[in-house]
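Step one of this worksheet: look at the structure below.
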Amino acid sequence: MSRQDGGTPGIPETQGDGAATGGSTGDATGGSTARSAGGPAGAPAGARRGRPRSEGVERAVFDAVGGLLDEGVPLAELSIERIARTAGVGKATIYRRWTGKEELFVDLLRSMEPPDPVLSGTSVRGDLVILLESMRERGVAKRTSSLLHNAFAQMQLYPRLWEVYHHTVIEPRRRLSLDTVRRGMEQGEIRDDLDIEFVNDLLTGPLLLRTVIRPGASLEPGLAERVVDTVMEGLRPRD
């Protein structure tokens, strides 16, 4: 027996509903390769005839979820069955790409956020600026996209979904930042007598403060450079 459209309150909904097993899932950390192909990104959900071609399935599903969220449908009521019907695809088609709603939503959020930065691997100061600028850009995106803001606000109400996002998105970004700080210590650009986590907090703290705790605070261009240069001035190795 399949679940009803509304599903049960909360997010958990894993492989079931007669879904096919053994299919590949989307890459939650980088998105699946199908994202760049497919139907128009701005097409209204539910406006398609028949089932889209395979290369457009991911875009169709993302458009369907985005359209439903824009209509005010809570995440808790977005069952795989409802998403599939709105996108014009079968439930098994969705389960071949994602194991459940958690992975699907995380992949959708990544598709709406600015892409993760590529570091040069040469200048530690330059790479730290790139990392903090990426944080600033994501903060601006959340302020300017009502869909992104709404999705994040709702996501934090569901611990399981937030855990998946934290594990697949936030932690890899954090490790990248910690590795950059560690490289700065090894190359003599940052004092090596300090805790790496503490130094990373000093650098990322101002951006987190302005994007999470004080969402109305300024995120002006040049903020990343100003934070990095100010913090690193106090972190220079002592003679």
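Can you tell me which residue within segment 160-183, out of those that are open to solvent by less than 40 Å² (accessible area, probe 1.4 Å) and modelled with pLDDT of 95 or more, is nearest to F105 (Cα to Cα)?
The residue in question is S177.
Which of the residues that make up segment 134-157 are open to solvent by 40 Å² or more (accessible area, probe 1.4 Å) and not polar (S, T, N, Q)?
E137, V140, K142, R143, H149, A153, L157
What is the residue count in segment 96-130 for residues that are surrounded by fewer than 23 Cβ atoms within 10 Å (Cβ to Cβ), over 28 Å from L203 (Cβ atoms) and in contact with an Asp or Glu (Cβ under 7 Å, 6 or more places away or on another chain)?
2
Any chance you could count how many residues in segment 84-95 are open to solvent by less than 10 Å² (accessible area, probe 1.4 Å) and of a type outside the set (F, W, Y)?
3
Which members of segment 78-117 meet the condition of being of a type in the set (K, R), part of a helix (DSSP H, G or I) and out of contact with any helix residue (DSSP H, G or I) (no Cβ under 6 Å at 6 or more places or on another chain)?
Once the filter is applied, which keeps residues that are of a type in the set (K, R), part of a helix (DSSP H, G or I) and out of contact with any helix residue (DSSP H, G or I) (no Cβ under 6 Å at 6 or more places or on another chain), segment 78-117 yields R82, R85, K101, R110.
Could you tell me whether segment 141-148 includes any residue that is modelled with pLDDT under 90, part of a loop (DSSP other than H, G, I, E, B) and closer than 27 Å to V65 by Cβ?
Scanning segment 141-148, I find at least one residue that is modelled with pLDDT under 90, part of a loop (DSSP other than H, G, I, E, B) and closer than 27 Å to V65 by Cβ, so the answer is yes.
Just to be sure before I move on: is L209 part of a helix (DSSP H, G or I) and either open to solvent by 60 Å² or more (accessible area, probe 1.4 Å) or charged (D, E, K, R) (or both) in the structure I sent? Steps first, please.
Working: part of a helix (DSSP H, G or I): yes; either open to solvent by 60 Å² or more (accessible area, probe 1.4 Å) or charged (D, E, K, R) (or both): yes.
In short, yes.
Being assigned to a helix (DSSP H, G or I) and either open to solvent by less than 30 Å² (accessible area, probe 1.4 Å) or of a type in the set (V, I, T) (or both) is the filter here; which residues of segment 212-239 pass it?
V212, I213, L223, A224, V227, V228, T230, V231, M232, L235
What pairs come up if the first residue lies in segment 89-109 and is under 13 Å from R59 (Cα atoms), the second is charged (D, E, K, R) and part of a helix (DSSP H, G or I), and their beta carbons are under 9 Å apart, counting only those six or more places apart or on different chains?
Once the first residue is under 13 Å from R59 (Cα atoms) and sits in segment 89-109, its partners that are charged (D, E, K, R) and part of a helix (DSSP H, G or I) give R97/E58; R97/E103; R97/D107; D107/R35; D107/E58.
Quick one: S120 ticks every box in (1) in a helix (DSSP H, G or I); (2) among the small types (G, A, S); (3) touching a helix residue (DSSP H, G or I) at 6+ places or on another chain (Cβ under 8 Å); (4) under 23 Å from G222 (Cβ atoms) except a single one, so which number is it?
(1)
Go through segment 184-206 residue by residue and tally those that are open to solvent by 70 Å² or more (accessible area, probe 1.4 Å), more than 14 Å from R125 (Cβ to Cβ) and assigned to a loop (DSSP other than H, G, I, E, B).
3
The values are calculated or read from the model by the stated rules, or taken from the named source; none is laboratory data. Keep in mind it's a predicted model, so treat the numbers as computed, not measured. Backbone-built Cβ (ideal geometry, glycine too); neighbour counts: all protein chains shown. When the accessible area is computed, the model is the full protein with side chains, heavy atoms only, and any ligands, DNA or RNA have been set aside. Shrake-Rupley method; radii C 1.70, N 1.55, O 1.52, S 1.80 Å.
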